Amino acid sequence: MATATAYTVATGAGLCAISDVGEVLTGTNAIRDGIMGGNQEAYDTTRFMLNMACLASSTLGSNMPSSAPATRSRPAVAPANAPTINTKSADAVRTPQQAGISNADARRIQNAANRTNQDIHVVGSRANGKATITSDWDYVMSGNSSQRHSAMSSVPHGSAGGGNNTGIDIFTNYRSSPFYEPLDKTRPYVPFRPQ
């Protein structure tokens, strides 16, 4: 029974991953847009819960006797031997790989930057490589209110934290905004520019 449950959970997580890849290729996420009616928050919560269940299953499974080899999930942060950038330099730009951002999440952010025609910078723990699986995502976006709102539904969210506990914080460096905050280039950031 436990094995069947583990396979079911892993299949759900795998389908979410396939749906994310489909979004990168086509701009449409079959599960979020088709099954969940475009509800990004519900999709992110479902995906997070499936990933947590997989993590718990693999952790618990590795402590139980089994004829099959135990599996380990991918770390949520960059490995200790990942290249680092001197954050005291004049510009602390990082690549998604240096920050420990997965290829799927990087594609989602790039697609949002392309679709909304604005620069999107990842900052905070997700940029400095210290994020955990539950960390929120912090973004500095250059677009106007409409562009930022449009991108907000497409970029990755954490499971908690952020504004109204949505798993996301968006700061604006849109110069006409009363909430304008320039990007601090002396602290780690990961830029995504529209292509």
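In percent, what relative contact order does region 98-195 have, based on Cα pairs under 8 Å that are 6 or more apart in sequence?
Contact order relative to length: 34 percent.
Along each of the three principal axes of the Cα atoms of region 155-195, give the extent in whole Å, ordering the values from largest to smallest.
Largest first, region 155-195 extends 28, 25, 24 Å along its Cα principal axes.
Among 181-188, 150-157, how do they line up by average Cβ neighbours within 10 Å per residue, starting with the highest?
150-157, 181-188
Can you list, largest first and rounded to whole Å, the semi-axes you get for region 96-192 by taking the square root of 5 times each eigenvalue of its Cα gyration tensor?
19, 14, 14
Whole-Hz Karplus ³J(HN,Hα) for region 91-99, in order, using 6.51 cos²θ - 1.76 cosθ + 1.60 and θ = phi - 60°, x for Gly and Pro?
9, 9, 5, 10, 8, x, 5, 5, 7
Simple spin-label model, 7 Å along Cα-to-Cβ: Thr28 to Ser153 in nm?
So the label points at Thr28 and Ser153 sit 1.5 nm apart.
For the pair Ser145/Arg193, report the inter-label distance in nm, with labels modelled 7 Å from Cα in the Cβ direction.
Reported label-point gap for Ser145 and Arg193 is 2.9 nm.
Could you check the simple spin-label distance between Asn114 and Asn164, using points 7 Å along Cα→Cβ, in nm with one decimal?
2.9
Every read-out reported here was derived from the displayed coordinates using simple, explicitly stated rules and does not represent laboratory data. Note that the structure is a prediction, hence the values are computed from the model and not measured. No Cβ is skipped: glycine too gets one built from the backbone with ideal geometry, and neighbour counts run over all protein chains shown.
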